[in-house]
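The values are calculated or read from the model by the stated rules, or taken from the named source; none is laboratory data. All figures in this text were calculated on a predicted structure; none of them were measured in a lab. Positions of Cβ are generated from backbone atoms using ideal geometry, with glycine treated the same way; all protein chains shown enter the neighbour counts. The protein model used for the area step is the full one, side chains on, heavy atoms only, and it has no ligands, DNA or RNA in it. Shrake-Rupley method; radii C 1.70, N 1.55, O 1.52, S 1.80 Å.
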Amino acid sequence: SKESSLIFADSQATKTDLVEFYHIAPNKIQVNYPGVTPAKQSTVDLPTLQHKFGITKPYILTVGKLEPRKNLARLFEAFARLHNPEIELVVVGQKGWGTLPAQIKGVHMAGFVSEDELTALYQHSIGLVFPSLWEGFGYPAVEAMLLGIPTALSGRSSLAEIGNSRSILFDPESIDSIFAALQQLISDEQLRQELST
């Protein structure tokens with residue numbers, strides 16, 4: 001970094017981290033958000049998704065490599081607190097590292113999915129919940145928004161930047177806060193429509 005005359009960061013949050021942790025002068029860092037290619041309408045229909053992933057009811061989606069910073073343990077606990085047998089949670093992502101939380105009723109671990117299946121999972125969901133403790137950018141949040149899918153995002157790092165006034169934001173370290181965001185996403189149809197727009 002001392003030899004560089006310019007450093008590109010993928011979000012203001014990443015720039016702030018570079019300044020704080022690596023003591024790089026702010027004027028050497030330029031925020032340049034990555035491009036996200038809009039997904040096309042998927043050819044995968046809902047019955048195919050239901051059959052392949054065991055989905056039987058309306059669902060909330062979460063997407064990302066399965067590792068501790070994705071904060072699934074707190075999400076699962078908040079989801080279990082809903083006590084709503086009419087809503088399911090679909091988790092998409094390859095296994096990373098760390099121990100996964102215990103399986104909870106109504107949670108479907110979809111693992112790796114194709115791009116077409118992922119687009120379909122977004123399109124048929126109630127919305128995306130993304131409880132990550134830290135993200136440099138947060139592609140799933142942007143992908144969901146591009147498809148008009150309402151989002152509930154961690155109010156941390158780049159997700160607060162991306163989701164500001166466009167998403168339900170919550171404290172990812174508070175199960176109560178995640179629970180409240182899930183309830184809002186499920187029950188407030190008018191808000192979902194506003195976020196979709």
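Tabulated data for the structure shown
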quantity	calculated
Residue ID - surrounded by the fewest Cβ atoms within 10 Å (Cβ to Cβ), chosen from residues in the range 10-40 that are assigned to a loop (DSSP other than H, G, I, E, B) and charged (D, E, K, R)	LYS40
Residues of the range 168-197 that turn out to be touching a Gly at 6+ places or on another chain (Cβ under 9 Å) and more than 17 Å from GLY136 (Cβ to Cβ), as a count	11
Selection status of THR43, of a type in the set (Val, Ile, Thr), closer than 17 Å to GLU88 by Cα, open to solvent by 70 Å² or more (accessible area, probe 1.4 Å) and not in a strand (DSSP E or B)	no
Matching residues in the range 151-197 - criterion: being in a loop (DSSP other than H, G, I, E, B), buried (at least 16 other Cβ atoms within 10 Å of the Cβ) and hydroxyl-bearing (Ser, Thr, Tyr)	SER167
Some residue of the range 151-160 being under 15 Å from VAL36 (Cβ atoms), under 13 Å from the mean Cα position of the chain (by Cα) and modelled with pLDDT under 95	yes
Odd one out for ARG81 among (1) in contact with a helix residue (DSSP H, G or I) (Cβ under 6 Å, 6 or more places away or on another chain); (2) open to solvent by less than 80 Å² (accessible area, probe 1.4 Å)	(2)
Unmet requirement for LEU75, which otherwise passes all of (1) in contact with a strand residue (DSSP E or B) (Cβ under 8 Å, 6 or more places away or on another chain); (2) of a type in the set (A, V, I, L, M); (3) outside any loop (DSSP other than H, G, I, E, B); (4) closer than 21 Å to SER196 by Cα	(4)
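Here is a yes/no grid of residues against (1) farther than 23 Å from GLN41 by Cβ; (2) without any contact (Cβ under 8 Å) to a residue 40 or more places away in the chain:
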site: ALA80; (1), (2): yes, yes
site: ILE104; (1), (2): yes, yes
site: GLY111; (1), (2): yes, yes
site: GLU117; (1), (2): no, no
site: LEU147; (1), (2): no, no
site: GLY155; (1), (2): yes, yes
site: ARG166; (1), (2): no, yes
site: ILE175; (1), (2): yes, no
